[in-house]
Every structure is written in structure tokens, then in C-alpha cells.
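Peer 1: Sharing a structure below in C-alpha cells format, with a few things to ask.
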């Protein structure tokens, strides 16, 4: 594995590159969930609808990796499909989604790795509407201070899952976790979030010339 691929473990929504296309062992499908969980899903759908109604957001994040490593930085989201993570120095990593593809970039090594967005768990987080009624739900838990929704789509990216954690009163997203094929978790906590902000389109531009030029050069 190349050095650039080893560094890509810092991606805020995965423990490794493979998390984008692979998943963990199969979990219970939505249709098999017992009645109490369906009742919880109705409340969870209200939270998901509120979250997906927020079309733009920005803030700060702290990422916790599967080996206990911790990094931070700033994030930007524009629905549907757009995201950017800028890590604090000395990390050279950048993650950008332009609505079609996701790239992992190392600004120091000038290397890029490209993935179709719809083959990654990020597509669920960045969907125009998070629909909990179309067999994406793996689990729903409601607690006094937290509502947890586990989403996955085995037919698209294996059994990789994304777990969204919301405040049940404000409906604000607090954290998400992506679980890879080895059941290793990478979690992202967000704070100082601003919703409804105007973001420059250039924030989500992928430098395709560099990406494809690198491939030709390799």
C-alpha cells in the first residue's frame, strides 16, 4: 500500500479507504425490525427530515480514529451531495465531495484518490432527504438525550454503515460514525455549527486536472 493510501486513514468518515465501498457483516433489515422499533423510526424520521431540510452548514469537527488518534478542523456541507473537510495543520489532508465524486487529497504529497459518491456512506449523510422508509435503516435507538439512527445500503457499498446521532429536542446533528468491514469505527463530533450559510461554489470544486493528471503520471 502506498504512503498516500496509508495517510488516507484520516478521512473523517472512514477508518480506511476500503470503508467507502465495503462494510461489516450483515445486520437486521428494516423489514425484520420489531414493532417498537418502527414506532421509534417514526420519531426518527421527523429528526431526519429536520436535518435534511438544512441545506447548508459549516462548523468545526473533532475526529476520533479506530486507534485512538484525534484530529480536527473545519467542515462545510451543501445539500445534496457536497462536502469539504479541511484538517488543521500539520495535517495535509483534504476531503471534497462535489455531488458526484469524493476525493481524498494530500496537499503535501499532491496525491488524490477518487471515489463515486453514490458508492460511499457519505451519500446517505448528504442526501437531499434522508428517507428512513426505504430499507436503509439498520437500527434506531431513542434515549432521553440522544436519538441514534444506523443507516446502510448493502447493495451499493456492502455493509459499511453510517450512524447518525441527534439531539432529540433540538434535532441537531451531534456526531456520526462510519463502521468499516472489520467493525472499526471512525467518529466525527461537530460543534460551533452554523446553518443556512451562503457558501462559495469553489469550496466544493474538485481539481480534476490534478486528479487525472496524477493517474496518467502513475
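Read-outs: derived from the displayed coordinates by stated rules, not from any lab. As the structure is a prediction and not an experimental result, all values here were calculated from the model. Positions of Cβ are generated from backbone atoms using ideal geometry, with glycine treated the same way; all protein chains shown enter the neighbour counts.
Peer 1: Once fully extended, how much extra length lies between residue 42 and residue 145, figured as 0.36 nm per residue of separation less the alpha-carbon to alpha-carbon distance?
Peer 2: Taking 0.36 nm per residue and subtracting the Cα distance, the gain is 35.3 nm.
Peer 1: How do 64-71, 191-198, 90-97 rank on mean C-beta neighbours within 10 Å, highest first?
Peer 2: Final packing ranking: 90-97, 64-71, 191-198.
Peer 1: Separation between the residue 195 and residue 182 pseudo-spin-labels, each 7 Å from Cα along Cα→Cβ, expressed in nm?
Peer 2: Each label point is offset 7 Å from its Cα along the Cβ direction, giving 3.8 nm.
Peer 1: Could you work out how much longer the chain between residue 212 and residue 108 gets when fully extended? Use 0.36 nm per residue separation minus the Cα distance between them, nm to one decimal.
Peer 2: Result: 35.7 nm gained on full extension.
Peer 1: Another question about this same structure. Label residue 67 and residue 118 with points 7 Å out from Cα along Cα→Cβ: what is the distance between them in nm?
Peer 2: Taking the two extended label points, one gets 3.5 nm.
Peer 1: Please report 52, 160 as a ranked list, fewest other C-beta atoms within 10 angstrom at the top and most at the bottom.
Peer 2: 52, 160
Peer 1: Once the mean 1/r over all distinct Cα pairs of the stretch 55-180 is inverted, what Kirkwood radius in angstroms do you read off?
Peer 2: This gives a value of 15.6 Å.
Peer 1: After finding the eigenvalues of the alpha carbon gyration tensor for the stretch 50-118, what semi-axes result from the square roots of 5 times each, listed largest first in whole Å?
Peer 2: Rounded to whole Å, the semi-axes are 21, 17, 11.
Peer 1: Between residue 88 and residue 100, what is the spin-label point distance in nm, taking each point 7 Å from the Cα along the Cα→C-beta axis?
Peer 2: The answer from the label model is 3.5 nm.
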